[in-house]
Amino acid sequence: MHPLAGQGLKPRPAGRRIIAGTGARAEPFRDIGDPVLLRRYERSRAEPIAMMRAATDGLVRLFGVDDPLARFVRNTGMAAVDRVSPLKNLLIRQALGELDRR
């Protein structure tokens, strides 16, 4: 399976923390499967999921263009990100869900 395709297969660490936090903050009478709690979880994950979807879609589109100029710009950009360690580390942490702490 393509690595980009696997992003939604299992909850990342941030998703697991949010599930646990949603359950911990639940009213005592609510079951963890209560639709209200599930909706809270869904809302809390909407923005990070949309960001990941946009990023993966952008990468697929970027690498799907077979034009010499586009290839040059793409390769130059990827090489620049690789050389700028703070940016590269930020992107890695985002992809791993380490920045989704709520």
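The values are calculated or read from the model by the stated rules, or taken from the named source; none is laboratory data. In this text the structure is predicted, and so the values were computed from the model without any measurement. Cβ coordinates were reconstructed from backbone atoms using ideal geometry, including for glycine residues, and neighbour counts include every protein chain displayed. Keep in mind that these areas ignore ligands, DNA and RNA; they rest on the heavy atoms of the full protein, side chains included. Shrake-Rupley method; radii C 1.70, N 1.55, O 1.52, S 1.80 Å.
The listed residues are 74, 53, and the only one of them that is open to solvent by 60 Å² or more (accessible area, probe 1.4 Å), part of a helix (DSSP H, G or I), without any contact (Cβ under 8 Å) to a residue 60 or more places away in the chain and not hydroxyl-bearing (Ser, Thr, Tyr) turns out to be 53.
Considering only residues that are closer than 17 Å to residue 95 by Cα, more than 10 Å from the chain's Cα centre (by Cα) and not hydrophobic (A, V, I, L, M, F, W, C), look in region 56-71 and name the one that is most open to solvent (accessible area, probe 1.4 Å). The selected residue is 57.
In region 83-99, of all residues being surrounded by 13 or more Cβ atoms within 10 Å (Cβ to Cβ) and touching an Asp or Glu at 6+ places or on another chain (Cβ under 9 Å), the one that is modelled with the highest pLDDT corresponds to 88.
Only one of the numbered conditions (1) in contact with an Asp or Glu (Cβ under 7 Å, 6 or more places away or on another chain); (2) modelled with pLDDT of 85 or more is not met by residue 80, and that is (1). For region 56-71, the set of residues classified as within 29 Å of residue 21 (Cβ to Cβ) and free of Cβ contacts under 8 Å to residues at least 24 places away in the same chain consists of 57 only. Considering region 40-50, the residues that are open to solvent by 50 Å² or more (accessible area, probe 1.4 Å) and touching a helix residue (DSSP H, G or I) at 6+ places or on another chain (Cβ under 7 Å) include one that is farthest from residue 99 (Cα to Cα), namely 40.
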